[in-house]
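Down below is the structure, laid out as structure tokens.
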Amino acid sequence: MFENYFGGLDTDLFEQFRRLESEMGQLFGHSPWPAGIRAVQRGTFPPINVGATAERVDVYLFAAGLDAKKLDLSIQQNLLSVSGSRRIEANENAEYYRRERYDGDFRRVITLPDDVDPERVDAKYRDGVLQITIQRREATRPRQITVS
Amino acid sequence: MKTNQDVATSESAAVEKKTRERETVLVPAVDIFEDAHQITVQAEMPGVSKDKLNVQADRNGLLIEGDMEIDMSTGMAALYADLQTTRYRRCFVLSGELETERIEASLKDGLLTVRIPKRVEFRTRKIKVNVP
């Protein structure tokens, strides 16, 4: 009934990644790849996805109900850091059964490919997803070579 | 013979696909609280727009479902992914004192708020204790 939007693409990219990771996990008991030095444990708020094409790198932060103006984004060479805080005002007159939503400060640091251009970064916040687009340098893009 | 084999393969492929879909549902984080008049559910579903959201309720249960719509360019390869699917789903069992016909839902910045009013006769009333 529903289409999977990431899966709708030719590459079916996140699905493939997940399958590969789980297959490797079955073989070795855990991921055989060394973890990035800035990698955090699963379940850290906010979850992020990073995707890349030859022209650009896109970073997606999944954080509902943020005040986007209060976010602190910075990029130094290929190191992108996003920090902010999300306070959830508790309803004083109510009795809580579940409190799963993250409340507090957060910070995530993402290592991008080396060829990103820190001068050309765009960010937008829509439907609770912060999308940061970083262009890659022209020189490193694959170039078509014609045989004469 | 060849044809039979093909059918068998495609059937098992379909089953496998279905199983995989079931496995890869995101469970939205929720806050649930109750006051004198209603129960409120707040669910985090970043990336879901109003048209891709499905909130269903009947006497027995509440279903929250949504599909993420992400602006991605074609041919994008994943470098890193905390979220590996785009479908959110979560269900709750409701009890009879809740007025499921009058449920209200709103969505803002990926945060879904569902308010389920209690039937009037079940609303908490303060009982005054008369001290002689």
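The values are calculated or read from the model by the stated rules, or taken from the named source; none is laboratory data. The model shown is predicted, which means the values in this text are computed figures rather than measured ones. For neighbour counting, all protein chains shown are included, and Cβ atoms are generated from backbone atoms with ideal geometry for every residue, glycine included. Keep in mind that these areas ignore ligands, DNA and RNA; they rest on the heavy atoms of the full protein, side chains included. Shrake-Rupley method; radii C 1.70, N 1.55, O 1.52, S 1.80 Å.
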Next on the checklist: Using DSSP to call loops (not H, G, I, E or B), can you name the trypsin sites (Lys or Arg not before Pro) in the range A:73-148 whose Cβ has at most 16 other Cβ atoms within 10 angstrom?
Outcome noted: A:R87, A:R137, A:R143
Checklist entry - Treating the beta-carbon of each Lys and Arg as +1 and of each Asp and Glu as -1, no other charges, what is the dipole magnitude of the range A:46-138 about its Cα centre, to the nearest 20 debye? => result 120
Checklist entry - Other chains near B:35-41: what is the mean number of their Cβ atoms within 10 Å of each residue's Cβ? => result 2
Next on the checklist: Students sometimes get this wrong: rank A:Y60, A:Y125 by accessible area, probe 1.4 Å, all chains present, largest first.
Outcome noted: A:Y125, A:Y60
Checklist outcome for this item: Note on the range A:72-131: alpha-carbon gyration tensor, axes a ≥ b ≥ c; rule is a/c under 1.5 for rounded, else prolate if a/b larger than b/c, else oblate; result prolate
Checklist entry - Chains B and A: buried accessible surface, both sides, probe 1.4 Å, rounded to 100 Å²? => result 4500
Checklist entry - Net charge near B:F33, counting Lys/Arg +1 and Asp/Glu -1 over other residues with Cβ under 9 Å of its Cβ? => result -2
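What do you get for trypsin sites (Lys or Arg not before Pro) in the range B:55-132 restricted to DSSP loop and a cutoff of at most 14 other Cβ within 10 Å of the site's Cβ?
Qualifying residues, ordered by number: B:R59, B:R119, B:R123, B:R125, B:K126, B:K128.
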Checklist outcome for this item: Charge dipole of the range B:33-132 built from unit charges on the beta carbon (Lys, Arg +1; Asp, Glu -1), centred at mean Cα; most positive-end Cα among B:I64, B:V114, B:N54 is B:V114
